[in-house]
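The values are calculated or read from the model by the stated rules, or taken from the named source; none is laboratory data. None of these values were measured; they are calculated from a predicted model. No Cβ is skipped: glycine too gets one built from the backbone with ideal geometry, and neighbour counts run over all protein chains shown.
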């Protein structure tokens, strides 16, 4: 498996609040502008059985299913990009009572992980780098 993207950043809320906010994947459009619509089954916060789809800017569709689920510390889902499986890991780490470190990695395996992965990774990293400050701002101003 090849790591394509790795981001670590801090949010100014306790771990449980960060988990609750981010596990509401259907609301990600408020901070991740490249996501236009989210469909999640079952609806509501993510679960060990969650599957879903993102409708992205430009009309692309990305589907996923939960692969690992360890609340409130981590979840990882997997989706397909052409001939590669793409794994999206979301980790939550306590810094102190009011701050949480989020560690997000995107890895790929399968045919095309090397060539397709580089293209996918660069696009995904760019979108993530735009979205993270929006998420940090949203969390710091939410009650």
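Does the range 75-82 contain any residue that is farther than 18 Å from residue 25 by Cα and part of a strand (DSSP E or B)? Yes - at least one qualifying residue is present in the range 75-82.
Yes/no matrix, rows are residues, columns are (1) touching a helix residue (DSSP H, G or I) at 6+ places or on another chain (Cβ under 9 Å); (2) under 22 Å from residue 47 (Cβ atoms):
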{"residue": "73", "(1), (2)": "yes, yes"}
{"residue": "78", "(1), (2)": "no, yes"}
{"residue": "83", "(1), (2)": "yes, no"}
{"residue": "93", "(1), (2)": "yes, yes"}
{"residue": "105", "(1), (2)": "no, yes"}
{"residue": "119", "(1), (2)": "no, no"}
{"residue": "126", "(1), (2)": "no, no"}
{"residue": "129", "(1), (2)": "no, no"}
{"residue": "134", "(1), (2)": "yes, no"}
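When residue 139 is tested against (1) modelled with pLDDT under 95; (2) in contact with a strand residue (DSSP E or B) (Cβ under 6 Å, 6 or more places away or on another chain); (3) in a helix (DSSP H, G or I), just one condition goes unmet, and that condition is (1). For the residues 58, 44, 98, the requirement of being in contact (Cβ under 8 Å) with a residue 40 or more places away in the chain and out of contact with any strand residue (DSSP E or B) (no Cβ under 8 Å at 6 or more places or on another chain) singles out 98. Of all the listed residues (53, 32, 27), the sole one being over 18 Å from residue 86 (Cα atoms) and either in a helix (DSSP H, G or I) or out of contact with any helix residue (DSSP H, G or I) (no Cβ under 8 Å at 6 or more places or on another chain) (or both) is 27. Residues that are over 14 Å from the mean Cα position of the chain (by Cα) and touching a residue at least 40 places away in the same chain (Cβ under 8 Å) were ranked within the range 102-115; the one that is nearest to residue 86 (Cα to Cα) is 108. The set of residues in the range 85-109 that are at pLDDT below 95, over 18 Å from residue 52 (Cα atoms) and surrounded by 16 or more Cβ atoms within 10 Å (Cβ to Cβ) comprises 107, 108. The residue of the range 56-66 that is nearest to residue 79 (Cα to Cα), among those that are at pLDDT 95 or above and surrounded by 15 or more Cβ atoms within 10 Å (Cβ to Cβ), is 64.
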